[in-house]
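Reviewing the structure listed below.
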Amino acid sequence: RRKLLSFWNIYTFFETYAKIDKPNFEGYTPDKNAMTVTDKWLVIRTNDFIKKASAQMDDYKAYNVIKEFEIFVDDISNWYIRTNRRRFWKTEDQADKMVAYWTLFNALKVCVQTMAPIIPFMTDYIWQNLIRKCDSTVAESVHLSDWPTAIEGIEDDDVIEQTELVREVIATAMRLRNEQQIKVRQPLAKLF
């Protein structure tokens with residue numbers, strides 16, 4: 001349930017800002033040179049998720065698809081959205097905002113299409129209320145759409161490895177900060 005809530009929160013985040021900006025992806029192709037490192041990272045992660053989910057579904061191992069989905073949703077929620085949140089707020093650079101929207105939209109659309117056989121009602125709800133509103137060329141239902149395909153032309157160039165290193169450094173720094181805060185609070189607690 002917790003992972004489905006994270007998935008729902010990604011949808012809610014996108015929908016909240018999409019209601020304001022009304023992005024339209026019909027015929028839109030992002031400029032790959034305008035993509036940030038985190039955009040490229042999410043596209044590569046999305047391609048990897050498609051590959052892994054396809055292999056597991058072909059092998060009739062839906063439980064492994066669920067595990068991959070949980071990891072992917074966590075990556076989107078706890079990395080991509082957290083590091084790119086301000087790009088959805090700012091209004092001065094519309095081209096950059098559109099790339100951020102498209103990158104998140106692509107990942108969300110792939111999640112919906114991949115998980116449709118496993119969580120049919122939630123995925124079709126998101127399809128109807130978000131995917132079709134942002135791209136009117138898609139199928140009438142997620143259950144009538146094709147299986148997702150990878151986005152070509154974005155090379156890894158160690159983006160995944162470098163991002164993992166950055167995430168580890170940030171996690172370590174946050175852990176050290178939290179430990180330091182606990183040490184400061186303990187003597188204060190004794191005073192009261």
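Once C-alpha pairs closer than 8 Å and six or more residues apart are averaged by separation and normalised to the residue number of the range 64-192, the relative contact order reads 14 percent. Here the Gaussian network model covers the chain, with springs between Cα atoms less than 10 Å apart; of Glu155, Glu26, Glu179, Glu179 fluctuates the most. Computed in the context of the full set of protein chains, the accessible area of the chain at 1.4 Å probe radius has 53% of its extent on carbon or sulfur. In a reduced charge model with +1 at each Lys and Arg Cβ and -1 at each Asp and Glu Cβ, the range 1-48 shows a dipole moment near 340 debye about its Cα centre.
Quick check for me: using +1 on Lys/Arg Cβ and -1 on Asp/Glu Cβ, what's the dipole size of the chain about its Cα centre, in debye to the nearest 20? Before the final figure, lay out the partial values.
On the way: 27 positive and 28 negative charges, 272 e Å.
So the magnitude is around 1300 debye.
Heavy-atom accessible area for Thr137, with the other protein chains in place and a 1.4 Å probe, reaches approximately 100 Å².
In what sequence, largest accessible area first, do Ile10, Ile160, Ile170 appear using a 1.4 Å probe? Mind dumping the intermediate values first?
Values: Ile10 5, Ile160 45, Ile170 70 Å².
Reading off the accessible areas and sorting them downward yields Ile170, Ile160, Ile10.
Probing with 1.4 Å while keeping every protein chain in the model, the per residue accessible area of the range 1-112 equals 52 Å². Structure remark: mean-square fluctuation, Gaussian network model of the chain, C-alpha springs under 10 Å; the largest value among Val99, Val37, Val169 belongs to Val169. Computed about its Cα centre, the charge dipole of the range 1-112 is approximately 340 debye, with only Lys, Arg, Asp and Glu carrying charge at their Cβ.
The values are calculated or read from the model by the stated rules, or taken from the named source; none is laboratory data. What you see is a predicted model; the values in this text were computed from it and never measured. Every residue, glycine as well, gets a Cβ built from its backbone with ideal geometry; the counts of neighbours run over all protein chains shown. Heads up: the accessible areas ignore ligands, DNA and RNA and are worked out on the full protein's heavy atoms, side chains in. Shrake-Rupley method; radii C 1.70, N 1.55, O 1.52, S 1.80 Å.
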